[in-house]
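Values in this text are rule-based calculations from the coordinates and carry no lab data. No experiment lies behind these values; they were computed from the predicted model shown. Cβ coordinates were reconstructed from backbone atoms using ideal geometry, including for glycine residues, and neighbour counts include every protein chain displayed.
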Amino acid sequence: MEEKTCRGDHKGHLCVLASNEKFDLIKGLTKNPKHICFNCGRVADSAENLCNPMPLD
């Protein structure tokens, strides 16, 4: 099984925001997704908001 990794400042990642019930903030960060997290499958506008991002295109 592949080990899940986290890059960057984890406190701004969608997984942390969701666990802290910051759903209004998440809505603003996911309006025009360009990246997907290879760990959890969440999408976001910016790679900075994901633990292990990869471009959608």
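Could you please let me know if Cys51 is surrounded by 12 or more Cβ atoms within 10 Å (Cβ to Cβ), in a loop (DSSP other than H, G, I, E, B) and among the hydrophobic types (A, V, I, L, M, F, W, C)?
yes
If the requirement is being closer than 23 Å to Asp57 by Cα and in contact with a Lys or Arg (Cβ under 6 Å, 6 or more places away or on another chain), which of these qualifies: Leu14, Leu29? Break it down stepwise before answering.
Values: Leu29 fails: in contact with a Lys or Arg (Cβ under 6 Å, 6 or more places away or on another chain).
Only one candidate passes the filter, namely Leu14.
Would you check which residues across the stretch 18-36 are of a type in the set (Lys, Arg) and part of a helix (DSSP H, G or I) and list them? Show your work before the answer.
Restricting attention to the stretch 18-36, the residues satisfying the condition of being of a type in the set (Lys, Arg) are 22, 27, 31, 34.
Lys27, the sole residue that qualifies.
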## Note on the structure
Checked Cys15, Cys40 against criteria (surrounded by 14 or more Cβ atoms within 10 Å (Cβ to Cβ) and either in contact with a strand residue (DSSP E or B) (Cβ under 6 Å, 6 or more places away or on another chain) or part of a helix (DSSP H, G or I) (or both)); the one match is Cys15
